[in-house]
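Report on one structure; see the data block that follows.
The values are calculated or read from the model by the stated rules, or taken from the named source; none is laboratory data. Note that the structure is a prediction, hence the values are computed from the model and not measured. Here the Cβ positions follow ideal geometry from the backbone for every residue, glycine too, while neighbour counts run over all protein chains shown. Surface areas here come from the heavy atoms of the whole protein model, side chains and all, with no ligands, DNA or RNA. Shrake-Rupley method; radii C 1.70, N 1.55, O 1.52, S 1.80 Å.
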Amino acid sequence: MNTAVSSLPDLRLSSSGRTCADACCSPSGKDGGFPPALDACSCCPGVAASCEDEAAEGLRLTREIRLLAVSAAIFLSALAFGDQVEAALKAPVLPLVYAVPYLLCGIGVFRQAYALMRKKDFFNEFTLMSGATLTAILIGELPEAVGVMLFYRVGEFFQERASSGSRRSIRSLLASKPVLAHVLEETAVTDAAVETVDIGQRVLVRAGEKIPLDGLVLAGESQVDQSPLTGESLPVDVRPGDAVLGGTLNLGGILTVRVTSRFADTHMARILDLVEHAALAKSPTERFITRFARVYTPVVVFLALLTAILPPLFVAGATFDDWIYRALVLLVISCPCALVISIPLGYFGGIGAASRQGILVKGGAVLDALLQIRTVVFDKTGTLTRGSFSVAAVTPAPGVEEETLLATAAWIESQSNHPIARSIVRHVADAKANAPDLPATEKDPLPACREDWDAVREIPGKGMLAEAGGIRYLAGTAVLLADFGLAAPPQSRPGALVHIARNDDYLGSILVTDALRGETPKAVAELQASGMRTYMLTGDREESAAWAAGEAGLDGYRAGLLPEGKVAAMRDLSDPAATAFVGDGINDAPILALSRVGIAMGGIGAEAAVEAADAVILNDSPAGVPRLFRIARKVRVLIWQNIFLALAVKASFMGLGIAGVSGLWEAVFADVGVTLLAVLNATRATEGALWQRG
């Protein structure tokens, strides 16, 4: 579209068609250099700070990788060659060697534990890790203390890395807004930042540009793509007196628009505000290990204290030295290595299984949250439907061959860049790939090249008018045919009906729709079979929404919604804390951020939606939604298996330790052996057959 428009005389694509990122954070000028100072960018307040935040985040990531790499190298070297080094040096240097990775990985854990203890929170995974590793050091198990801290830090690193993205979601939204507006003055057109344009000023919007601000059309006719904001699948016809939204794309003619809202009050600005506040208001999902630690930690600490204190007081011959040692062994046995390591591995295995099926999950907390979902809400365009136009029906007039109708339509529409026109041309091209050429009639040969037409004109909002060999051709709406005295049959199905006429003869119609994805009904049925309610929220028209909801088998729908309307509608339909939303557009970013689990279609989805979501389906298939729920359920089953395995074995050895039957070696086996078994079981989460069975 941009190439075609820029090739026309007296038209150019200006900065209003560019994004904030294009203007502020990309090479500019003849030398391709970047702007000398990001904070000097006046068109996008906050973009410079966002870029700096991203750079700082990247630096923190690099430092964490280096810390983990150094710690792992020292730890593995000490395990492999520690005894040989001590023998060669004839000195006990291993404690010092192990102390380096232990402190590198443990300082952050100790800080968190101290901070939480100051807030009267004594029973959490940080105090659990600190106490367990210090106990291991007291009884001489330095490798175990280092290993637990290292694996815990690695798990935290991947968890945090997968979960980050709220700042990027807001930054990508900022980058999608128009930058400049062509303001019409008395005798000239000047470019101004959208934030500086006042209500009542007139702006010029050329073909292929974004409409910079909300307003009313004063002059010109065109079609506007509102799908980024409203989800409306079909372009909207606009004429003088019609309202237009800032951030939507002008597909056709030149428009003169009188501004009715400053940028801070436009729909695009409200989307930005909704995303930011929804992300802040959305309570984080508490991790499973955190909830488990609140129960497990006090139980084992209390049991160890009882073991150390009660027997010497009430059992004849019992000494404090003996029973304190047994209490320490008890703490080593109860050390949650199997849980701290295998639980994250179970999540990572589920995340890996999802990624192999084209689903990106941003952290194990997302899998936890999926288990709380009772309602799944879908967007329509690009989510339940394909998000692109296709020919749904071809209806020739009596006496007209279908091939003639299609050939005529394709030849005329090939002169247009309109998305509906391109879908018809593509349909005919696909048909020709599997069948002989579709010829015109002998008395009505049609030219294939624009230069061979006597006249070709696109009438904004109506369709195409073409003349060749003294014959007039029409391809467009019923309004276009009425302008030339022709009547078109009424439309009974949702979609765009393109009527074709030759002179005064009506040749037929072609129905173009945004088709429902083939896997949509099955995916919806599977969710409903698992006890979930399914709804659809869309900015599309009532008739299109009713058709899509009926075909998909949804429990209900709401149509004609702007982004803030979607947020309100979801609150009406269900509790956001128990709702998952599936969407793909910029207009879906606020509700993706607000819902308990936001799932974005990543193939055609807007960057803002992908960043605001908790999970991303890369192939845009609704079948990925029930598959994601299956993975979450299977991961939870594996985690509980590990918990029961660890607790059963540890409980047995705890009893033996209290009785004095099991010593340090048995404690080490109970800890390390169960850890290995739990890890092996956790790796089953990566097996596709495991979660595909149901």
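Values computed for the structure shown
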| read-out | value |
| --- | --- |
| Given (1) more than 27 Å from the chain's Cα centre (by Cα); (2) surrounded by 18 or more Cβ atoms within 10 Å (Cβ to Cβ); (3) modelled with pLDDT under 85; (4) farther than 25 Å from ASP514 by Cβ, number of the condition THR266 does not satisfy | (1) |
| Any hit, segment 54-67, residues being at pLDDT 85 or above, surrounded by 11 or more Cβ atoms within 10 Å (Cβ to Cβ) and of a type in the set (A, V, I, L, M) | yes |
| Subset of segment 563-595 (residues that are touching a Ser or Thr at 6+ places or on another chain (Cβ under 6 Å), part of a loop (DSSP other than H, G, I, E, B) and over 15 Å from THR383 (Cα atoms)) | SER574, SER595 |
| Test: residue in segment 562-578 that is closer than 19 Å to ASP237 by Cα and of a type in the set (Gly, Ala, Ser) | no |
| All positions within segment 88-107 that are among the small types (Gly, Ala, Ser) and open to solvent by 30 Å² or more (accessible area, probe 1.4 Å) | ALA88, ALA91, ALA99 |
| Residue that is modelled with the lowest pLDDT [pool: residues in segment 501-529 that are among the basic types (Lys, Arg) and open to solvent by less than 60 Å² (accessible area, probe 1.4 Å)] | ARG517 |
| Tabulated pairs, segment 402-427, first open to solvent by 30 Å² or more (accessible area, probe 1.4 Å), second of a type in the set (Lys, Arg), C-beta under 8 angstrom, 6+ apart or interchain | GLN415/ARG450 |
| Hits in segment 479-500 - residues which are out of contact with any helix residue (DSSP H, G or I) (no Cβ under 6 Å at 6 or more places or on another chain) and crowded, with 18+ Cβ neighbours inside 10 Å | LEU480, LEU481, GLY495, LEU497, VAL498 |
| Out of ARG627, ARG636, sole residue that is open to solvent by 10 Å² or more (accessible area, probe 1.4 Å), assigned to a helix (DSSP H, G or I) and modelled with pLDDT of 90 or more | ARG627 |
| Segment 359-401, residues that are modelled with pLDDT of 85 or more and closer than 30 Å to TYR506 by Cα | VAL391, ALA393, VAL394, THR395, PRO396, ALA397, PRO398, GLY399, VAL400, GLU401 |
